[in-house]
Amino acid sequence: MSTPGSPQTQDDSVPTAPVEAAVDEPVGATAAGAAPGVVRRRRIGVLLTVALLAYLVDLGSKLLVVARLESHQPIQVLGDVVTLQVIRNGGAAFGMGQAMTIVFTMIASAVIVVIWRIARKLYSLPWAIALGLLLGGAFGNLTDRLFRTPEAFRGHVVDFISVQHFAVFNLADSAIVCGGVLVVLLSFRGSNPDGTVHQTAKEE
């Protein structure tokens, strides 16, 4: 009769799963309330999918309106409240900073780098969607600045959605705004990109 810890007992024991099975679980980062042993998956695929969809929708819409609407009369969508008209914007979103095109090109590039660094520890689905919208929108407008007239790195962004008494913008701007709002909401709720939840000082 063998005793616990004897060679015979060790040979007959059921082998445990190797540590590598939880390779997707970040070391030292466990979501609040998560059950022990739960494997969390990185959400880079979700981020890239959302970013690609946002980018393609923005790019397709710009190619369409430039081909069909530029140098034409505005098209009314909701009377005079919402119209479609092509405007070349050398500034930031909503037409701000017209004389700082190269600066906004650099800012957009920096945003893309920051998002990609965060993505290496991305385990939260809502954060993946938010960052994907930001990434796709940033790439959409950066493409205009790199390849459209008047020159590389100083290209003017194509804006075409005009809201009365507000601004003229594009779908990349909309993706950036939606992603930014979602980031603020997630941060306000205490959610982190790595899937953990931080408590506010009041809760502590």
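The values are calculated or read from the model by the stated rules, or taken from the named source; none is laboratory data. A quick note: this is a predicted structure, and the numbers were derived from the prediction, not measured. Because the Cβ atoms are built from the backbone with ideal geometry, glycine has one as well, and the counts that use them run over all protein chains shown. The accessibility values were calculated without ligands, DNA or RNA, using every heavy atom of the protein model including side chains. Shrake-Rupley method; radii C 1.70, N 1.55, O 1.52, S 1.80 Å.
Arranged from highest to lowest average of other beta-carbon atoms within 10 Å per residue, in what order do the peptides 174-181, 65-72, 160-167 appear?
Ranking the peptides 174-181, 65-72, 160-167 by packing returns 174-181, 160-167, 65-72.
Suppose all protein chains stay in the model; what accessible area per residue would a 1.4 Å probe give for the range 105-204, in Å²?
On the way: 5430 Å² over 100 residues.
About 54 Å² of surface per residue is accessible.
Sum up the charges of everything whose Cβ sits under 12 Å from the Cβ of residue 133, counting Lys and Arg as +1 and Asp and Glu as -1, but leave residue 133 out. Write out the running numbers ahead of the final one.
Working: positive: none; negative: 58, 173.
So the surrounding residues net to -2.
Net charge around residue 171, counting only other residues with Cβ within less than 14 Å of its Cβ (Lys, Arg = +1; Asp, Glu = -1)?
Neighbourhood net charge equals -3.
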